[in-house]
Amino acid sequence: MSRGKGNFRLFVKCSLLLLFIAAAFSYAMFQGGFVSWFLFYSVVTVVVSTVLVALYPFRIVKAERVFHKDVLQAGESLTVTVTLPKRALQPFFYVRVQDLIPENLGTYEESGSLFFFSFQRRLVFSYTVRDVKRGAHTFEQLSLVFGDLFGLFEREKKVLCETKLLVYPRFHKLPPINDFGKPRQLDGRRIQHSFEEDRSLAGVRQYVPGDRLTSIDWKQSARSTKLMTKEFESYQGEGIVVAFDSAVIDLNESVFEHSVELAASLMVTFTQKQPGVRLAVRLGDWMSLEVNQRSISKGLMTLAKLIPSEEPAPAIHKVYRDWSGMHVYYVCVGLNERVLKVCKTLLEESVVVTVCLVAVSEQDRTFIEELERAGVSTFIENE
């Protein structure tokens, strides 16, 4: 139906243009003289050149899309610059360029620009996307629409320009968390213990770029004439695992995103206090990786790609045995019977468990009481 309307409009426009040429010809025939015929030939020249330019193929050397920042966190603004190099002799009356933005990337007012006849070799424009969302986004195509002076012809062309963007989750430094193993809620405010107070010095080693400056042993450095850094034992003598359970019951996008941010904040906070942390996430099945200050981007990259899962975490899994003797900070969106079973399985494997939440409901508080009776601590960020 729409195609039929488009053909009808084109027929009407062409008819009006022919009538305009016919009127100019009639005027020249009846009026006579140099001015009349000059007007007629001028009209014909403009019409013919308009049609030829409109039908001439517009060729792009290679479209380019550049982001102003390589590392981006959720909630920040993204400035995109699009460049279209064209041939030197490329006639056109106007071209409207529109960048096709991935769905749910963020908010924006305009992602394109209109260019009129120009001899410039490069068509360049920029736009800004505000409040970008966490995740892996792919820009695929540019839409180019060409037209003529009379609005007779309008052609659209898609230009492939694939560009990938990875937006990390937001993170922030968390307040000190109290000694583990106490079955009570951690509010992160009344506790005065720091992470380093709970670790003992294991030895010293030569300084490696990326080590914390506060860990440098100046006395040993003076004796050996080389920078030496202190090497601590693991937190509380045990390893730390930040585990994120992506299972959701009633999907609340805001709570899920804040839970991912909490997992990222835990990972970043712990890596600042000790050599390494294990990050575990559920991408279908449990997977884990070691993260330190120099490889923290790998952990953020993994968290950036997380999506909600309808499958609950398995109550029994081989990875729980690998966590034996460690302190697991179990980050989840909400509490239910399956989370309770997972925590009990971890306790049976001699794992110290702290369940971390961003918010709790009345139903969650019932599960919290049962967890604390079993010996599981809870950390609620917003309380």
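Can you pull out the residues in region 278-305 that are part of a strand (DSSP E or B), charged (D, E, K, R) and open to solvent by 20 Å² or more (accessible area, probe 1.4 Å)?
Taking region 278-305 as the starting set, the residues that turn out to be part of a strand (DSSP E or B) are 278-283, 285-291.
Narrowing further to those that are charged (D, E, K, R): 278, 282, 285, 290.
ARG278, ASP285, GLU290, listed by residue number.
Every residue, every condition in (1) modelled with pLDDT of 70 or more; (2) open to solvent by 90 Å² or more (accessible area, probe 1.4 Å); (3) small (Gly, Ala, Ser); (4) under 30 Å from LYS157 (Cβ atoms), yes or no:
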| position | (1), (2), (3), (4) |
| --- | --- |
| GLY6 | no, no, yes, yes |
| CYS14 | no, no, no, yes |
| LEU18 | yes, yes, no, yes |
| TYR27 | yes, yes, no, no |
| PHE30 | yes, yes, no, no |
| GLY33 | yes, no, yes, no |
| SER36 | yes, no, yes, no |
| TYR41 | yes, yes, no, no |
| TYR56 | no, yes, no, yes |
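Just the residues that are in a strand (DSSP E or B), among the basic types (Lys, Arg) and modelled with pLDDT under 90, please, taken from region 60-86. Don't jump to the end; show me each part of the working.
Residues of region 60-86 that are in a strand (DSSP E or B), as a first pass: 60, 64-67, 72-73, 78-86.
Among the residues that remain, those that are also among the basic types (Lys, Arg) are: 65, 86.
Correct list: LYS86 only.
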Of all the residues that make up region 128-181, how many are touching a His at 6+ places or on another chain (Cβ under 8 Å) and at pLDDT 90 or above?
4
If we scan region 307-321, do we find a residue that is buried (at least 19 other Cβ atoms within 10 Å of the Cβ), under 27 Å from LYS344 (Cβ atoms) and of a type in the set (Val, Ile, Thr)?
no
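With the condition kept exactly as written, say whether any residue in region 231-250 is of a type outside the set (Phe, Trp, Tyr), within 24 Å of ASN336 (Cβ to Cβ), open to solvent by 50 Å² or more (accessible area, probe 1.4 Å) and at pLDDT below 75.
Looking only at region 231-250, we keep the residues that are of a type outside the set (Phe, Trp, Tyr), and these are 231, 233-234, 236-243, 245-250.
Still in the list and also within 24 Å of ASN336 (Cβ to Cβ): 241-243, 245-250.
Next cut, open to solvent by 50 Å² or more (accessible area, probe 1.4 Å) only: 249-250.
Filter once more, so that each one left must be at pLDDT below 75: 249-250.
Yes, region 231-250 contains a residue that is of a type outside the set (Phe, Trp, Tyr), within 24 Å of ASN336 (Cβ to Cβ), open to solvent by 50 Å² or more (accessible area, probe 1.4 Å) and at pLDDT below 75.
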I'd like to check something: does region 264-277 contain any residue that is in contact (Cβ under 8 Å) with a residue 12 or more places away in the chain, in contact with a Phe, Trp or Tyr (Cβ under 9 Å, 6 or more places away or on another chain), on the phi < 0 side of the Ramachandran plot and part of a strand (DSSP E or B)?
yes
Can you spot a residue in region 87-100 that is modelled with pLDDT of 85 or more and within 30 Å of LEU303 (Cα to Cα)?
yes
Pairs where the first residue, in region 306-322, is farther than 15 Å from VAL353 by Cα and assigned to a loop (DSSP other than H, G, I, E, B) and the second is open to solvent by less than 100 Å² (accessible area, probe 1.4 Å) and among the acidic types (Asp, Glu), C-beta under 8 Å, 6+ apart
ALA313/ASP245
Test set (1) open to solvent by less than 50 Å² (accessible area, probe 1.4 Å); (2) free of Cβ contacts under 8 Å to residues at least 60 places away in the same chain - VAL333 fails condition number
(2)
From the set of residues in region 353-367 that are surrounded by 21 or more Cβ atoms within 10 Å (Cβ to Cβ) and among the aliphatic types (A, V, I, L, M), which is farthest from HIS258 (Cα to Cα)?
VAL353
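The values are calculated or read from the model by the stated rules, or taken from the named source; none is laboratory data. Just so we're clear, the structure is a prediction, and the values are computed from it rather than from any experiment. Neighbour counts run over all protein chains shown; Cβ positions are idealised from the backbone, glycine included. Each accessible area value is taken on the protein alone, full model and side chains, heavy atoms only, with ligands, DNA and RNA left out. Shrake-Rupley method; radii C 1.70, N 1.55, O 1.52, S 1.80 Å.
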